[in-house]
């Protein structure tokens, strides 16, 4: 029941993140996402579970304080859920483990990296992507950063994931042009 309360709190936070969305139109979805992916615990419906665990994540829009959502859940756990869990004695605890943190990548229109990638790709426009990369880490180190690659995210992480030979050839051509650019200085 305590895990369910924590999941419900994450759901409330998720609703708030939708309301605080980004109106620029660059992001899809245009808000920070919060979701629970797995829940497990208990052995039978008439036995109090010894353990319940769940895995959750959030993917924050640029500018979201990376500690905001975990801190809010921790406060709720301490101030509400743990008190209810232990209302008849100190029998339970709530533990949180951070498994991975991936900072978001903020668009930098007109940056050197963006201009170079557009020129090498023969494109006129950029787009944002709704997935995590290490790009935010590079940007956090003040390295001009973009994410690019062959294929489409629409085919990635699917049972029939694929990339076409044409997309691979385009990616190879992009890398050859980048190499030439770097050699020429």
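Quick note: the coordinates plus some simple rules give every number you see, no bench work behind them. Since the model is a prediction, treat every value here as computed from it, not as a measurement. Cβ placement follows ideal geometry from the backbone for every residue including glycine, while neighbour counts extend to all protein chains displayed.
Above 31 Å lies some portion of the pair distances; for the chain, what is it as a whole percent of all C-alpha pairs? More than 31 Å apart: 37 percent of the Cα pairs in the chain.
Estimated from helices alone, the mean residue ellipticity of the chain at 222 nm is -11000 deg cm²/dmol (sum of -39500 (n - 2.57) over DSSP H runs with n ≥ 4, per residue). Relative contact order, whole percent, for segment 112-184 stands at 27, derived from Cα pairs under 8 Å and 6 or more residues apart. Spin-label model, residue 118/residue 66: points 7 Å from Cα along the beta carbon direction are separated by 2.9 nm.
With r defined as the distance between the Cβ atoms of residue 176 and residue 142 and R0 fixed at 25 Å, what FRET efficiency is calculated, to the nearest 0.05? Kindly include the intermediate steps, with their values, before the conclusion.
Values: r = 28 Å, r/R0 = 1.12.
Result of the calculation: an efficiency of 0.35.
Measuring nothing but how far apart in sequence close Cα pairs (under 8 Å, 6+ apart) lie, relative to its length, the chain scores a relative contact order of 16 percent.
Computed from the C-beta positions of residue 111 and residue 183, the FRET efficiency with R₀ = 25 Å rounds to 0.70. Exposure proxy ranking for 65, 160, based on other Cβ atoms within 10 angstrom of each Cβ and starting from the fewest, stands as 160, 65. The separation of segment 89-127 from segment 41-87, counted between C-alpha centres, amounts to 24 Å. Per q in 0.12, 0.15, 0.21, 0.29 1/Å, what log10 I(q)/I(0) does a Debye calculation on the alpha-carbon atoms of segment 77-139 return? Summing over Cα pairs of segment 77-139 leads to -0.55, -0.64, -0.90, -1.23. Stretching the chain fully between residue 84 and residue 154 yields a gain of 20.9 nm (0.36 nm per residue, less the alpha carbon separation). Starting from the Kirkwood radius over alpha-carbon pairs of segment 112-184, derive D by Stokes-Einstein at 25 °C in a medium of 0.890 mPa s and give it in µm² s⁻¹. Answer from the Stokes-Einstein relation: 178 µm²/s.
If you take the beta carbon distance between residue 129 and residue 11 as r and set R0 to 25 Å, what does 1/(1 + (r/R0)^6) give as a FRET efficiency, to the nearest 0.05? Could you put the intermediate results ahead of the total?
Working: r = 25 Å, r/R0 = 1.00.
For residue 129 and residue 11, the calculated efficiency is 0.50.
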